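Participant: The following block contains the structure, expressed as structure tokens.
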Amino acid sequence: MILATVLVALNAFFWMAGGGMALTKAIINQFFGPRMIRAEVIVQSPGGPVDWRIDRGIITAVSGTTVTVREADGTVQSVDVNPTARVQGPARFASPSKLRPRLRVVLYHQANAPADLVQVEGIG
């Protein structure tokens, strides 16, 4: 959520600064749209840089608080999910304990930390 807020604020700043400096919607969609496989974003915060990872894929396994996803390029990534993480999507998947294989998800987490946000995009 913080990442999305920072990106929107940055884009709004450039939009107000002048049309030539704005990040166009096409560029944002190219990097963070539905074709994104994974991303690593470094955000400057008052406490210093914060390293964020975004992983998108289809869940292949759930073991305790660890979710394993297969990304579009075939990479398999295991991500720990905070038991109190917010899950966005259909109400039937309202908590991390209800995640299951075959779901198409996007996991947001700081590097080396459990995911705090899981977006369920559908069934893969």
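No value in this document is a laboratory result; all are computed from the given coordinates. What you see is a predicted model; the values in this text were computed from it and never measured.
Participant: With 15 Å as the cut-off, how large is the P(r) tail for the range 52-123, expressed as percent of Cα-Cα pairs?
Facilitator: 43 percent
Participant: Which ³J(HN,Hα) values in Hz, rounded to whole numbers, follow from the phi angles of the range 61-69 under the Karplus curve 6.51 cos²θ - 1.76 cosθ + 1.60, where θ = phi - 60° and Gly and Pro get x?
Facilitator: Working through the residues one at a time gives 7, 10, 9, x, 9, 9, 10, 9, 10 Hz.
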